[in-house]
Each structure stands twice: as structure tokens, then as C-alpha cells.
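Visitor: Here it is, the structure, as C-alpha cells.
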Amino acid sequence: MKKINELKMVFDSRSVNESFSRMAVAAFASQLDMTVEEMGDIKTVVSEAVTNCIVHAYRNTIGKIYITCAVFEEGIVRVRVRDKGCGIADVEKAMEPLYTSLGGDRSGLGFSVMESFSDKLTVRSKPGVGTTVTIDKKIKGKVL
Amino acid sequence: MPVTIKTKQNTIYAYLKGEIDHHTAPELRNTIDDAIIMNETSQMLVLDFSGVTFMDSSGVGLVMGRYRLASSKGKKLRVDNLSERDYKIMKMSGIEKLAQINKVKE
């Protein structure tokens, strides 16, 4: 695949940044001339991944969230959301629909939603080191 | 306010506005929960999503939590005017087995 453009950003794991980060990634990715639906899909997956960093990775603390968004000539958007937080001991368990380690008003659907609105989802995690979530989204609209 | 509460004929209507995510959900939750607790005689809670411009799975958590509180007070829950996307996210939770959920009318 041939990368045509790339965005990198680093921001604090404060919940007020959830809106900013999904908007920024969607705005950057929109150079691929996507539909409103596809832009909504990107906003949704970024929102879920960033919320996981804030709620789980940096629970009770503030850390940095690192996002890379690359657009490829083939019409693919790749978003990577990385943290240096607590990590996930059992990724398979964490990805089960409706599973949540927190309870309260957490639905346990974060990874399910990310899977549902993307074409490929990869989660790499190491307890005590951090988590990297990589999401590929194929844009069916016109390619630049 | 990102939510407006109206009561009519034993029904509480909560009209949600703007974006629902983990950051905005607590304020919505508190306002709706106050309305559920204060309106003892109401038998129904309607969450109206017509003013919602974005929602992630935090919106599902918000609805599930309100369902639990409303049920414990003997009230039913209905969710109205969900966008196609929000309806799809809502259904991942199985909430439609517990409460009526309706898409926005075309």
C-alpha cells in the first residue's frame, strides 16, 4: 500500500478531548472524499478507542494518548491509537461483547462497535506497558 | 442544557441534544435520573434522540442505566428517533428485548 499523507497527534487523556480527537481524525481522513456515513464510522471508532485509553488505560490518572492517522492511495484510512497505560491482561476477554471490567454505565461494547464500523481491528497490549489499537477503514468513495 | 425534560400524561420526555460520549454522558444521566426520581406518578420514560448529532457506546450505557433506574421505579422505557447508525449501536446491546426502540421516521 502507498501512503499519501499522515497525521500524528499527542494529547492528554482528558475526557474533554474525546470530541476533539474524533473530529480531528475525521477531518484529516476526509481528504479521501468519503461519504457522511464513512466519516461517521471513523468518528465512532476513534471515540471508542480514545475512551478506552481514558477510562481503562489511564484510570485514575492522566497520561498521553498517541494517534497516527494515515491515508493510503488505495482508499484506506489507518488509525492507530496508542497509550502507555496499564495494558490489558486478557485481550480476548476484553473484546467480548458486553464484557466490562468497570460496570456502572459502561456498556462493554467499545471493541464490538470498533469491529462493526471498521474493516480490520488489531489490538496489541502488554500489562504495565500499554495498548495499541489499529483500525483500517476502506473508503468506497472516490480515491484522490 | 443538553437535555430538556417535559412531562405529559404520566410520561416523562427527555429530549437529548448534541453529542453523547463518555465526557457528556454524566450530565445527561444526572438530569434524567433527577426527573425519574422526582416524577413518582409517571409510568413511562421516553428518551428522544432527534437532537443527537453523535453517539458512541456511551449512549448505550446511558440508555441501559436509565432502563435499570426506571424499571426499579416501576416505569417503562422507550427510545425514539434514533438515527440508522445509533439504532445499529443500540441493538448490539440487546436493549430492544427490554425496551421499545424506534428509528427516526423517514
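Visitor: Name the single residue that is surrounded by the fewest Cβ atoms within 10 Å (Cβ to Cβ) among those in the range A:95-128 being among the aliphatic types (A, V, I, L, M), within 14 Å of another protein chain (Cβ to nearest Cβ) and closer than 25 Å to A:I76 by Cα.
Guide: Filtering first and then ranking leaves A:M95.
Visitor: Among the residues in the range B:48-58, are any surrounded by 14 or more Cβ atoms within 10 Å (Cβ to Cβ), within 14 Å of chain A (Cβ to nearest Cβ), out of contact with any Asp or Glu (no Cβ under 6 Å at 6 or more places or on another chain) and outside any helix (DSSP H, G or I)?
Guide: Looking for residues that are surrounded by 14 or more Cβ atoms within 10 Å (Cβ to Cβ), within 14 Å of chain A (Cβ to nearest Cβ), out of contact with any Asp or Glu (no Cβ under 6 Å at 6 or more places or on another chain) and outside any helix (DSSP H, G or I), one finds at least one in the range B:48-58, hence yes.
Visitor: Next question. Among the strands (runs of 3 or more DSSP E) confined wholly to the range A:1-94, which include 2 or more residues that are within 14 Å of another protein chain (Cβ to nearest Cβ)?
Guide: Of the strands (runs of 3 or more DSSP E) lying wholly inside the range A:1-94, those with at least 2 residues that are within 14 Å of another protein chain (Cβ to nearest Cβ) span A:3-12.
Visitor: If B:K103 satisfies every condition in (1) within 14 Å of chain A (Cβ to nearest Cβ); (2) touching a helix residue (DSSP H, G or I) at 6+ places or on another chain (Cβ under 7 Å); (3) of a type in the set (D, E, K, R) but one, which is the exception?
Guide: With respect to (1) within 14 Å of chain A (Cβ to nearest Cβ); (2) touching a helix residue (DSSP H, G or I) at 6+ places or on another chain (Cβ under 7 Å); (3) of a type in the set (D, E, K, R), B:K103 is out only on (1).
Visitor: It is to be established whether one or more residues within the range B:66-76 are loosely packed, with under 15 Cβ neighbours inside 10 Å, without any contact (Cβ under 8 Å) to a residue 24 or more places away in the chain and touching a Lys or Arg at 6+ places or on another chain (Cβ under 8 Å).
Guide: Checking the range B:66-76: not a single residue is loosely packed, with under 15 Cβ neighbours inside 10 Å, without any contact (Cβ under 8 Å) to a residue 24 or more places away in the chain and touching a Lys or Arg at 6+ places or on another chain (Cβ under 8 Å).
Visitor: Another one. Could you run through the range B:80-100 and say how many residues are outside any loop (DSSP other than H, G, I, E, B) and either acidic (D, E) or within 14 Å of chain A (Cβ to nearest Cβ) (or both)?
Guide: So the answer is 13.
Visitor: Could you pull out the residue among B:E40, B:E84 that is farther than 24 Å from A:V45 by Cβ and without any contact (Cβ under 8 Å) to a residue 40 or more places away in the chain?
Guide: Being farther than 24 Å from A:V45 by Cβ and without any contact (Cβ under 8 Å) to a residue 40 or more places away in the chain holds for just one of B:E40, B:E84, which is B:E40.
Visitor: Which one is modelled with the lowest pLDDT, of the residues in the range B:23-52 that are of a type in the set (V, I, T) and farther than 19 Å from A:A49 by Cα?
Guide: B:T41
The values are calculated or read from the model by the stated rules, or taken from the named source; none is laboratory data. Computed from a predicted model, the values in this text were never measured in an experiment. For neighbour counting, all protein chains shown are included, and Cβ atoms are generated from backbone atoms with ideal geometry for every residue, glycine included.
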